[in-house]
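Notes to accompany the following structure.
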Amino acid sequence: MSSFDLTILGCSSATPTSFRNPTAQILNISERFFLIDCGEGTQMAMRRFKVKFSKINHIFISHLHGDHFFGLVGLLSSFHLLGRTNSLEVFGPKGLKEIVEIQFKYSDTRLRYQLNFIELDTTVSQTIFEDNKVEVKTIPLSHRIPCNGYLFMEKPLPKGLKKSKVQFYNIPIANLPGIKRGDDFITEEGKVISNADLTVDPPPPRSYAFCSDTIYLESIVPLIKGVDLLYHEATFMQDMQDRAKETYHSTTIDAANIALRAEAKKLVIGHYSARYRDLDPMLAEAKTVFPETELALDGKAFSVAQQEWRS
Ligand SMILES: [Zn+2]
Ligand SMILES: [Zn+2]
């Protein structure tokens, strides 16, 4: 069974606390490791939670507030010192490349590996990464500065063949790719064998939506409809909704309402204001709207199980 695991490396907003680093997460989809945001201390958190540095080839930065990227230059520098030679792609808003390059310029750091920046539009959802297993799209958010969330989706698998039926009808190899895509089979006698008779359906593709700093924003709902796992920031509790609006952040109830409208299977809240020491009241409040809510905590992992193949 292929992996689909999210590990929280940091769940604090603005300033780190003793137990909470600022935002960073690792998503493992079929052994592709995506680093999402890179707040201060991320590389130490990666060590603590046993993330292999060499496995990371793609980094996604939501926006240029420090609690989401102040760990990036340190991590890029460590990759260099550890002897990395594989190229690395960094996705983020305009300005990130300039910020990183100026630090390397004045420290006279010449990286051993190729570092590619992909600067993103934050006004429209776009596919920014795709391989044979995964597709990543941006989720434009509304924050004080340009900000994207990211939607990670498995590619649909082809149908599986029922081997016994393939043998029984003596189906030529040349026909098999078409049958996996949904074709029926016609025998030499002209009899139609329906596709459903010959195949099993693959498990539905799994998905994860990372919704970083944002004011309550219903326009994201169609983009993330039916998502298996939704992370949505919840910086404040509901009694601070005025403060949330002023600072372009969300409350526990905002996050839960987005999960409810999007028909997410599970909600993970995070990006807690440092004022909250005990997070249980935040969890309880979100659950009044969306019972399938869990707290992000540093080191906590969330897995989305793959469903069965179905005849
Ligand atoms: Zn933030
Ligand atoms: Zn922010």
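How are the C-alpha pair distances of the range 67-121 spread across 5 Å bins, as whole percents from the shortest bin up?
Spelled out bin by bin, the range 67-121 gives 4, 18, 32, 29, 13, 4, 0 percent.
Regarding the range 34-135, what whole-number volume in Å³ per residue does the convex hull of its Cα atoms give? Intermediate results must be reported in sequence, preceding the final value.
Values: hull volume 10.8 nm³, N = 102.
Enclosed volume per residue, from the Cα hull, is 105 Å³.
Can you give the three extents of the C-alpha atoms in the chain along their principal axes, from longest to shortest, in whole Å?
Reported extents, whole Å, longest axis first: 74, 51, 35.
Given N residues in the range 2-87, what is Rg(Cα) / (2.2 N^0.38 Å)?
The value comes to 1.02.
Can you tell me how the range 145-258 classifies by the Cα gyration tensor, rounded, prolate or oblate, using a/c under 1.5 as the rounded cut?
Verdict is prolate for the range 145-258.
List, in the order given, every pair from Lys55/Lys155; Lys52/Lys162; Lys52/Lys94 whose Cα-Cα distance in the structure shown is over 30 Å.
Pairs exceeding 30 Å: Lys52/Lys162.
What ranking do 134-142, 104-112, 230-238 get when scored by the average of other Cβ atoms within 10 Å per residue, highest first?
Packing proxy ranking, top to bottom: 230-238, 134-142, 104-112.
Please give the peptides 51-63, 22-34, 287-299 ranked by average Cβ packing (other Cβ atoms within 10 Å per residue), highest first, as a rough proxy for protection.
Top of the packing list down: 22-34, 51-63, 287-299.
Give me the log10 of I(q) over I(0) for the range 118-184 at q = 0.14 Å⁻¹, as the Debye formula computes it from C-alpha points; what are the numbers?
So the normalised log intensities work out to -0.60.
Check the straight Cα-Cα distances from Lys191 and name the lysines below 17 Å, setting aside those fewer than 8 residues away within the same chain.
The qualifying lysines are Lys165.
What number, in nm² with one decimal, is the all-direction average of the projected area of the convex hull of the alpha-carbon atoms of the range 239-311? Numbers along the way, then the final one.
Details: hull surface 26.0 nm².
Average projection, Cα convex hull of the range 239-311: 6.5 nm².
Bear in mind that the values in this text are calculations on the coordinates, not laboratory data. No experiment lies behind these values; they were computed from the predicted model shown. Every residue, glycine among them, receives a Cβ derived from its backbone with ideal geometry; neighbour counts consider all protein chains shown.
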